[in-house]
Structure formats: C-alpha cells, structure tokens
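Heads up: the structure comes next, in structure tokens.
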Amino acid sequence: MSIDSNFSDPRFAVDREALIARLRKVLPVQALLIEDEELRPYECDGLTAFREMPLLVALPENEAQAQALVKVCYELKVPIVPRGAATGLSGGAMPHRDGVVVSLAKLKKIIKLDPVARTAVVQPGVRNLSVSEAAAPFNLYYAPDPSSQIACTIGGNVAENSGGVHCLKYGLTVHNVLRVRGITADGEIAEFGNAALDAAGYDLLALMNGSEGLLALITEVTVKLTPKPELAQVVLASFDNVTKAGDAVASIIAAGIIPAGLEMMDKKATHAVEPYVKAGYDMNAEAILLCESDGTPEEVAEEIGRMKAVLEKSGASEIRVSQNEAERLKFWAGRKAAFPAVGRVTPDYLCMDGTIPRKRLAEMLIAIADLSQKYGLRCANVFHAGDGNLHPLIMYDANQPGEVERAADFGADILELSVAFGGTVTGEHGVGVEKINVMAVQFSLSEISAFHRLKAAFDERGLLNPGKGIPTLARCREYTQTRAGAALSAPRF
Amino acid sequence: MQTNLADFIKDTPEGREADAILRTCVHCGFCTATCPTYQLLGNELDGPRGRIYLIKQVLEGQPVTQKTQMHLDRCLSCRSCETTCPSGVKYHRLLDIGRAVVEQRVGRSVLEKATRFLLCEALPRPWVFKPAVKIGHLMRPLLPSILADKVPMPSENAPKPWPQPRTHKRRMIALPGCVQPTLTPNTNAATARVLDKLGIELFEPAGTGCCGALRYHLNAHDQALEDMRRVIDAWWPHIENGSVEAIVMTASGCGAHVKEYGDMFKHDPAYARKALRISELTRDASEIIAAEQSRLVELLRAASAGVGQRVAFHSPCTLQHGQKIRGVVESLLAAAGYELSPVADPHLCCGSAGTYSITQPTLSKQLRDNKLAALGAGSPAVFVTANIGCQTHLQSGSATPVRHWIELIDERLAH
C-alpha cells in the first residue's frame with residue numbers, strides 16, 4: 001500500500017552523498033548501509049502492507065555513535081526513524097524515504113540488574129524475554145509480556161507502550177518503567193524519570209511511553225522487576241457461541257475478579273494455531289477463554305474456584321484447569337503464537353488493535369462477523385478480553401489485486417466502531433502509519449493541534465519519525481470528509 | 001507476504017517452491033530472536049527474516065552483488081529459526097534455492113573458489129582426507145595457529161573393535177560417512193556394540209562415501225546429487241531384498257540430509273521411489289536406542305555400573321532443529337546413570353555447521369567459544385554431542401574431552 005502526503009515533505013531536501021560523507025566520519029564502516037540491496041529488507045516492520053525504501057540505514061554500536069549521528073541529522077535536517085526488533089504491527093518503524101533508519105539492535109546489554117531494588121537497567125535492544133530470563137535466578141521477572149516477547153525489544157516496548165496478556169493485572173509498559181534515557185532531536189542526552197519515585201513537575205516519563213519515536217531516540221531504560229508468584233494456574237474454558245464467551249468476560253470482571261490474564265480466541269484462531277502448538281484447545285468450541293490466577297496456593301485455589309463458578313454460570317461447555325506449569329505454558333503457547341500461526345492459513349493479515357468496554361465484546365464480535373461477510377475476507381479474533389483490547393486478524397492475499405485495500409477498509413470500520421462503542425483505536429500496538437487516519441475519528445482538530453504543539457516542544461524541526469502517530473490537520477479534514485456518510489457514526493468520547 | 005517472482009524462475013519447480021515458502025512468511029520477526037548470527041551481529045540482513053527478504057528480491061529480479069552473497073554465506077543453516085517460526089516457513093529450502101541463484105549470478109573470488117574446491121574435493125573422499133589429516137598431524141607444529149586449530153588431534157583412545165560378527169535376525173545399515181572414519185572411528189564401532197547387545201546387527205555396505213550434505217551446502221548441487229545417488233545405489237540391494245529394518249545415522253548432520261533424500265529426488269524418475277524409501281527408513285541412533293530403552297535399562301542394571309560422570313550435552317542443530325529430536329539423547333544418558341549438567345541457550349549453534357568453521361572463521365570461533373562457556377558452566381567432566389562436525393569443532397577449543405554420546409552408553413554396558 002502506498003503512503004501519501006506526509007512522505008513527500010519538501011522540508012526534507014537531503015543531499016544524500018553529503019549525508020553519507022558526514023555519517024562515515026561518526027560511524028564504523030559496517031554500521032552504515034547504503035546500497036538498495038541492503039536497504040530493501042528494512043523497508044517495513046511487522047506490518048508488511050506499508051513499505052517505504054529508506055534513504056540509509058544506520059546501526060550504531062553505542063550511545064555515543066547514536067548521539068553523533070543524531071547531531072549530523074539535526075544539522076542537515078534529515079529525518080530519523082528509530083527501529084528496534086521491527087516486530088511492530090502498526091508500521092511505527094516503517095522508513096521515511098528522505099530519512100535514516102536508526103536500528104538500535106546492537107545496543108543489547110543488560111547494564112545492571114539489582115535484585116534488591118528489583119530493577120534492571122537495560123539498553124534498548126535487549127529482548128523483552130531476556131530481561132525475565134536474566135531476572136529468573138532471583139525469582140523475579142519483567143511483567144509486560146507482548147506476544148512477540150521472544151523477539152521484541154525494550155526500546156520498542158517503551159516507544160509503543162506495549163501490553164501483553166498479563167497487563168490486565170500488572171499494567172502496561174508505562175506502569176513498569178522507572179526511567180528512560182534518550183537522545184532528543186537536536187542530539188542532547190535527556191533523562192526522564194528516576195531510580196526512585198519522581199513526582200515533581202509534569203510526568204514526562206509517562207509521555208515517553210507510547211511516544212512512538214516522535215520525541216526521542218531511546219538509549220537506556222530502567223525497568224521494574226516483579227516477584228514471580230508462588231503459583232499460577234490457568235482455566236481453559238470452551239463456549240459453543242461467541243456471545244456467551246464475550247458475556248463471560250464481562251461477568252468475571254463484574255464479579256470483582258482481576259485475573260492475571262483473561263484472553264479470548266475464536267474458532268478461526270484456535271484452528272490456525274493448534275496444528276503448530278498442539279496446546280490441546282477444544283476444536284469444536286466457537287470460542288475459548290484463558291483465565292489465569294496467580295498468587296499463593298491458597299489464593300489461587302480460592303480464585304480458580306470463583307472463576308470456574310462464573311464460567312459455568314456463563315454457559316461454558318467445557319472447563320479445564322492447568323495441572324502443572326508445563327500444561328499452563330502449553331495453554332498459553334497457543335495464544336502467544338496466534339498471530340504468526342495465522343500465516344499458516346493465509347499469506348497475509350492485518351492485525352487490528354481497537355479497545356472497547358468489556359460489556360460490548362459480544363456485540364463487537366457479531367459486528368465483525370457481519371463486516372467479514374461484507375468485505376468477503378476472513379477474520380480470526382484473538383482478544384485481550386479482560387482489557388477489552390481487540391486483535392481481529394483480517395486475512396487477505398496481497399497477490400490478489402484490491403485485497404489489501406479491502407482489508408484496510410475492513411480494519412478502519414472496526415476501529416471506527418470501537419470509537420463508536422466508547423473505546424479507542426489502539427490499545428497497545430501504537431498508531432504508526434496504520435491508524436493515522438482513524439486518529440481523526442477519535443480526536444478533534446483542536447486536540448490534534450495540541451498534540452502537534454507538544455511534538456514541537458521536543459522536536460521543532462519535526463525530524464523524529466515524521467508522518468507517524470499524529471496526523472496532519474489537513475489529513476484529518478480530508479479523512480473525515482471522505483468517510484462521512486459512508487462510514488459509521490463517530491461520536492466524541 | 002506479497003511476491004512477484006521474475007520470469008527466469010517463476011515457472012520452474014524451484015520458483016514455485018520458493019514462492020510458496022515466501023508466502024507462508026508473515027514477517028513477524030520471531031525468528032531473529034533465536035538466530036545465532038543475528039544475536040552476534042544485530043543486523044536484519046544477518047537474521048532469517050532479512051535473508052528471506054534478500055532472497056525474495058533476488059528471485060524478483062532485482063540486481064544482486066557480493067553483499068547479498070555475504071549475508072547468505074553467514075547463515076549457518078542451523079534451522080533454529082524453523083523451530084521458532086509459528087508460520088511454518090521452510091527456511092532451509094528457500095535458502096538452498098536462493099544461494100544457488102546467487103552463486104550463478106555473483107560468482108566467487110579466486111581464493112574463495114579454491115577453498116570451496118578443496119573442501120568439495122577433499123573432505124567427502126576418505127582416501128584423500130585420511131592421508132591429508134596424517135600429514136597435518138606431522139606438520140602441525142609448523143602450521144599457523146588458524147590452520148593448526150583445524151587439524152584434529154589423533155584420538156587418544158584407540159577405537160575398540162566392532163563386535164564379533166553374529167547373526168541377528170534384526171539387521172540395520174550404518175553409514176561410515178566421509179570424515180568420521182578418519183577422525184572418530186570409535187563412533188560407529190560403539191554403536192555396533194550397543195546394538196549387538198540389543199540383538200541388532202549393524203553393518204556398513206561398501207561404496208557409500210559422503211551422504212552429499214557437504215557439497216550440497218557448498219552450493220555444488222550437481223556433485224552432491226552424484227554423492228547421493230552413489231549412496232542410494234550402495235544401499236538399495238539390501239533394502240530391496242527386505243533384509244534391513246532401518247538405516248542408522250550416527251552423525252546427525254548426515255541423518256538430517258538423508259532424511260531429505262525423498263524430497264530432493266522427487267522430480268527424478270529413476271531415483272524418486274528409492275530415495276523416498278531410504279528417507280523413510282532413516283533414523284538417528286538415538287531414535288533406534290530409545291525404541292529399545294526398556295531392554296537397554298535391563299542391560300544397564302545387569303552391568304551394575306554405578307553412578308556415571310557429570311556430562312554436558314550439546315544437541316547438534318541437525319538433531320534438534322533439522323530432525324526435531326529433542327530430549328531423547330538426554331533421557332538415554334540419564335537412564336545410563338549420567339548426571340546432566342545444565343546448559344544455557346541450548347538452541348544455539350556451536351559454529352561448526354559443516355564447512356562454516358573454514359568459510360566463516362571469525363563468527364564460527366565466537367559461536368564455539370560461547371558454546372564452550374555454556375557447556376562448561378556446570379563443570380562437567382565430559383562434553384557429549386551427536387555429530388562429528390560439532391565434536392571436532394568443540395574439541396578444537398577445549399581441553400575437556402568431547403565425545404559422541406553412544407560411546408558413553410557403550411562404556412556403561414561394558415562394565
């Protein structure tokens with residue numbers, strides 16, 4: 001799919017050869033990629049529908065090199081697109097045609113792990129899962145666990161304010177980060193937050209979480225570590241229709257239970273994942289719920305009992321409780337691998353990320369089924385149900401003319417409907433390029449203007465990740481006009 | 001993933017296979033997490049997802065240079081990415097197809113050509129390799145260290161003999177392989193002794209030579225197919241008359257390759273059926289012994305060998321990723337009374353990877369040293385593995401003995 005407007009910005013008239021000559025002086029030779037052949041594999045992240053060839057790719061090996069390159073880019077007015085593991089699903093790391101992609105993958109040291117303070121200081125290229133692995137000998141772990149946690153890195157987690165199946169109880173990235181160090185657009189080192197609670201002034205640390213590379217290039221993060229619960233068990237419940245499953249989610253929360261994770265998968269999702277993971281999911285169920293309890297053995301036993309009672313009352317056709325850690329991990333393994341496993345049944349997919357009030361889950365599932373009919377595209381549903389965070393996976397074949405556009409329209413309908421239901425366009429994947437248009441549905445022009453003023457306070461020249469996250473006002477007007485009438489009503493939140 | 005293969009390849013069997021593989025990849029990037037070279041280098045182009053993209057652009061007709069070739073050469077073919085991939089991408093097949101096209105397009109320098117020629121011609125031929133190693137031993141003090149490291153030391157323990165020929169009803173074929181008879185002749189002998197005690201006769205039909213993996217992974221596909229046909233021809237009479245129940249592989253590298261004969265000859269009318277049958281009969285030694293585990297346990301009990309040493313097991317990539325055999329050798333060693341020392345990052349390659357240690361010495365050495373550190377963390381007395389390449393490669397950097405696991409089982413039974 002092509003990206004318009006923001007990407008042919010006349011502000012960025014870059015002399016490529018002069019830029020290369022300057023960057024060669026501050027980077028080792030292997031840290032700068034300049035040939036098309038080497039650049040093309042960087043043209044997209046986990047969202048392959050949106051691609052753009054970068055002007056250059058830089059792979060700094062330390063903060064000093066990163067800072068030097070940002071200073072060169074600032075001076076020459078060259079855009080910068082930060083990139084972590086590029087597992088993102090909103091195109092946040094999609095290159096800019098006049099800009100340098102700055103990969104932080106080589107900054108992958110765990111600088112310090114303090115089991116007493118329960119913190120770890122890590123570089124941005126450290127993988128999410130490897131923080132937990134390093135903390136495991138101290139019976140600690142890093143709580144946010146996006147499905148891509150095996151590969152995604154902490155810098156990207158902060159940039160996208162990533163969630164995961166356990167964020168219902170333990171919070172998103174923003175709730176698990178104490179300090180962020182980064183390089184601002186003009187090449188200065190800035191620190192946000194502190195090793196201790198830091199309440200003075202505006203909460204700029206929170207602002208950094210989910211800033212999608214628009215405010216600073218992250219070079220170091222201090223994360224909180226959480227003690228591992230003594231015990232965790234998960235209930236696997238089957239339902240013979242999706243409405244019952246959706247209502248069961250609302251009932252669990254209404255009963256005052258806060259599960260450690262509460263996830264839902266529909267039949268298309270379980271059927272895609274089961275052949276690979278062999279998690280033991282009920283293949284006859286129209287939907288399954290995974291509902292986790294953690295704590296002391298007594299707390300878990302009591303909570304699992306309450307969960308089972310609510311699930312039974314909600315009409316679950318089968319209920320199984322994991323009997324050991326291996327089985328618990330197996331039940332979760334299917335959920336964690338669900339997105340890419342859908343690659344077994346379709347060449348391409350778009351993963352949506354709207355969030356709605358939990359009590360409207362069932363209604364949304366029915367609406368999605370109708371839209372699936374309307375657009376003639378299959379859709380598998382994998383939800384962080386406890387948060388009301390939807391991940392419909394719209395399946396399409398990019399080799400068939402027109403399918404990707406149809407998939408995008410289908411996705412836009414789901415997001416607009418999410419806003420209409422009183423929700424938002426993104427729960428945890430970020431806006432990136434993918435949801436930039438629908439931002440106009442959720443926010444008014446004056447709110448968007450406020451976002452631009454905030455951005456300008458950090459990055460007056462607009463060099464950090466331009467074209468992502470916040471739409472231009474012109475784009476907002478254009479989008480609301482073209483979708484008006486045809487689209488669903490989009491009330492204010 | 002969207003594909004648009006160029007005319008030169010799109011309607012060939014390779015083109016169709018590559019297109020199907022590319023379309024299963026959804027570009028999620030999970031594979032980068034377990035790729036040994038991405039972990040070392042941190043460049044998208046040195047991980048599976050980036051290499052898939054590099055191959056895709058070659059097959060789509062984009063210009064290609066030595067840069068692409070370098071990144072494809074750096075791949076170990078360890079297939080760790082395939083274990084991780086939730087979408088089921090057959091990466092190694094795509095890599096073989098991509099590498100062959102790049103080889104044609106880009107070519108090689110004179111030095112690279114000479115190295116690859118020597119590897120292709122010397123290693124698969126025991127009658128060339130054996131005297132070469134002997135000369136190497138004599139010359140070792142005079143060689144520069146980078147070469148001296150590559151000359152394996154003669155085994156300190158002289159190989160024990162094969163069992164006296166006995167007629168068992170159950171018979172299985174073993175492959176001597178190319179370098180194994182010279183470097184570790186005790187491996188097949190130990191396998192024969194263990195199987196003999198389990199009531200199985202092992203024998204090596206003459207005239208096999210290399211299984212073909214070595215030249216195949218140097219992109220010499222035609223020569224490799226010759227090697228494979230020679231192996232098939234040597235084995236076929238024994239298979240056709242129904243006298244053998246399995247083909248036992250004591251080197252997991254060969255095992256992974258022979259298990260794919262069926263796939264590789266599926267378009268060859270003269271060999272398709274034979275190759276498929278051979279792949280179906282091929283088992284790693286651990287699969288054979290595990291199937292006899294109850295009998296083995298009885299024998300071990302009778303041998304009353306007491307408590308074994310503390311050992312660290314390195315599972316070769318061709319065993320755990322290529323053949324997807326995990327935990328089997330470990331449980332056999334435990335059954336034989338050995339204490340298994342924990343090993344961090346067990347999914348990572350040791351850097352041997354066929355001829356990789358010669359073609360990519362820097363990366364190979366880094367991976368070897370990382371692996372040796374992981375293996376040594378629990379202070380085991382012995383490192384054990386299941387493939388000749390890993391065994392000699394690890395030994396080249398360590399004073400701790402590195403052995404084939406079957407030798408340890410054999411020794412327990414000999415008590």
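The values are calculated or read from the model by the stated rules, or taken from the named source; none is laboratory data. This structure is a prediction, so every number in the text was calculated from the model and none was measured. When we count neighbours, we look across all protein chains shown, and the Cβ atoms used for this are built from the backbone with ideal geometry, even at glycine.
Within region B:48-107, the set of residues being charged (D, E, K, R), surrounded by fewer than 21 Cβ atoms within 10 Å (Cβ to Cβ) and facing chain A (nearest Cβ under 9 Å) comprises just one member, B:LYS67. Look through A:ALA260, A:ALA333 and report the one residue that is over 20 Å from A:LEU393 (Cα atoms) and of a type in the set (A, V, I, L, M). Result of the check over A:ALA260, A:ALA333: A:ALA260.
Answer with yes or no whether A:LYS435 is part of a loop (DSSP other than H, G, I, E, B) and touching a helix residue (DSSP H, G or I) at 6+ places or on another chain (Cβ under 7 Å). Can you show your working first?
Values: part of a loop (DSSP other than H, G, I, E, B): yes; touching a helix residue (DSSP H, G or I) at 6+ places or on another chain (Cβ under 7 Å): yes.
In short, yes.
Looking across region B:346-362, the residues that are crowded, with 21+ Cβ neighbours inside 10 Å and part of a helix (DSSP H, G or I) come down to B:TYR356, B:SER357. Applying the criterion of being small (Gly, Ala, Ser) and closer than 22 Å to B:LEU198 by Cα to the residues of region B:377-414, the residue that is modelled with the highest pLDDT is B:ALA386.
Examine region B:62-80 for a residue that is in a helix (DSSP H, G or I), within 18 Å of A:PHE339 (Cβ to Cβ), among the hydroxyl-bearing types (Ser, Thr, Tyr) and touching a residue at least 24 places away in the same chain (Cβ under 8 Å), and state whether such a residue exists. First the steps, then the outcome.
Let us first name the residues in region B:62-80 that are in a helix (DSSP H, G or I), namely B:66-73, B:80.
Subset that is within 18 Å of A:PHE339 (Cβ to Cβ): none.
No, that holds for no residue.
Would you check which residues across region A:30-64 are away from chain B (no Cβ under 13 Å) and surrounded by fewer than 19 Cβ atoms within 10 Å (Cβ to Cβ) and list them? Scanning region A:30-64 gives a single hit, A:ALA64. Among the residues examined, A:VAL121 qualifies as more than 28 Å from A:LEU262 (Cβ to Cβ) and either in contact (Cβ under 8 Å) with a residue 60 or more places away in the chain or in contact with a helix residue (DSSP H, G or I) (Cβ under 7 Å, 6 or more places away or on another chain) (or both). Going by what's in this entry, would B:GLY378 be described as over 23 Å from B:LEU123 (Cβ atoms) and surrounded by fewer than 20 Cβ atoms within 10 Å (Cβ to Cβ)? When the stated conditions are applied, B:GLY378 passes them. Scanning region B:39-46 for residues that are facing another protein chain (nearest Cβ under 7 Å), in contact with a helix residue (DSSP H, G or I) (Cβ under 7 Å, 6 or more places away or on another chain), more than 15 Å from A:SER103 (Cβ to Cβ) and part of a helix (DSSP H, G or I) turns up nothing.
Look at region B:1-27: where a residue is at the interface with chain A (Cβ under 9 Å from one of its Cβ atoms) and at positive phi and a partner is in a loop (DSSP other than H, G, I, E, B) and among the acidic types (Asp, Glu), sitting 6+ places away or on another chain with Cβ atoms under 9 Å, you get B:HIS27/A:ASP45. Step by step: first the residues of region A:149-197, then only those that are part of a loop (DSSP other than H, G, I, E, B), among the hydrophobic types (A, V, I, L, M, F, W, C) and more than 14 Å from chain B (Cβ to nearest Cβ), then the one that is farthest from A:ARG118 (Cα to Cα). Which residue is that? Only one residue fits best here, namely A:ALA185. Considering A:ASP387, A:ASP413, A:ASP409, the condition of being in contact (Cβ under 8 Å) with a residue 12 or more places away in the chain, among the charged types (D, E, K, R) and in contact with a strand residue (DSSP E or B) (Cβ under 7 Å, 6 or more places away or on another chain) is satisfied by A:ASP387 alone.
Please work out which residue is farthest from the chain's Cα centre (by Cα), limiting yourself to region A:417-426 and to residues that are assigned to a loop (DSSP other than H, G, I, E, B) and crowded, with 24+ Cβ neighbours inside 10 Å. Top of the filtered list is A:VAL425.
Would you say A:VAL101 is within 14 Å of chain B (Cβ to nearest Cβ), within 22 Å of A:GLY182 (Cα to Cα), under 23 Å from the mean Cα position of the chain (by Cα) and not in a loop (DSSP other than H, G, I, E, B)?
Working: within 14 Å of chain B (Cβ to nearest Cβ): yes; within 22 Å of A:GLY182 (Cα to Cα): yes; under 23 Å from the mean Cα position of the chain (by Cα): yes; not in a loop (DSSP other than H, G, I, E, B): yes.
Here the answer is yes, as A:VAL101 does meet what is asked.
Scanning region A:438-447 for residues that are surrounded by fewer than 22 Cβ atoms within 10 Å (Cβ to Cβ) and in a loop (DSSP other than H, G, I, E, B) yields A:PHE443, A:SER444.
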